[in-house]
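Novice: My structure is below; once you've seen it, I'll send some questions.
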Amino acid sequence: MPVKSEEIATLIELFNESDWDELHVAIEGLQLFLSTDPNARLYPGSAAVTAAPAPAPAPAISVQPVAVQAPAARPTTPAPAQGEAVPAHWVPVKAPNLGTFYRAPKPGAAPFVEIGQAVEASTEICLLEVMKLFTAVQAGTKGTVRRVCVDDAEMVEHGQVLFYIEP
């Protein structure tokens, strides 16, 4: 019997309400890995985080899910045009997996961060959604948000630059 999305949602909810640091569940070819550490990996050297169960052994999942609907589009500073230089000291924040990019935690809410806002390494700056699982993306470095490179509700690829932060 295949694993239902409601069962996965229940596991995620229980994890979020617990004081656990990590949860790994393997059921019928699906591997679910949840961690409070955004840099955690199911196995050392495993691929980047993803949330898509597959018939073959599924890749690791490292998510901090929340239930949200697609928020309304918000203005961003455009990504640098082809050939437009970005200061070398700015740190790119890249998508840890593919998915739909959301700047706010829910429709109508203020964005997680604004241009010019100071952030800590652990500051959540956006969400990526794939198959109704949400990954909270953290700044990864202390500094000031200088550029938002993606429009709200836009599909992004693994490794795509989402923000630039000036340390």
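Coordinate-derived values only; no laboratory data. The structure displayed is predicted, hence computed values, not measured ones. Neighbour counts run over all protein chains shown; Cβ positions are idealised from the backbone, glycine included.
Novice: Filter the GluC sites (Glu not before Pro) in the range 83-133 to those in DSSP coil with at most 13 other Cβ atoms within 10 Å of their Cβ, and list the result.
Specialist: Answer in residue order: Glu84, Glu114, Glu120.
Novice: How high is the FRET efficiency between Val91 and Met155 when r is their beta carbon distance and R₀ equals 25 Å, given to the nearest 0.05?
Specialist: Between Val91 and Met155 the formula returns 0.60.
Novice: Can you compute the FRET efficiency between Lys132 and Ala110 using 1/(1 + (r/R0)^6), with r the Cβ-Cβ distance and R0 = 22 Å? Round to the nearest 0.05.
Specialist: The value I calculate is 0.45.
Novice: What are the equivalent ellipsoid semi-axes of the range 91-166, built from the alpha-carbon gyration tensor (square roots of five times its eigenvalues), in whole angstrom, biggest first?
Specialist: Calculated on Cα positions only, the semi-axes equal 18, 14, 11 Å.
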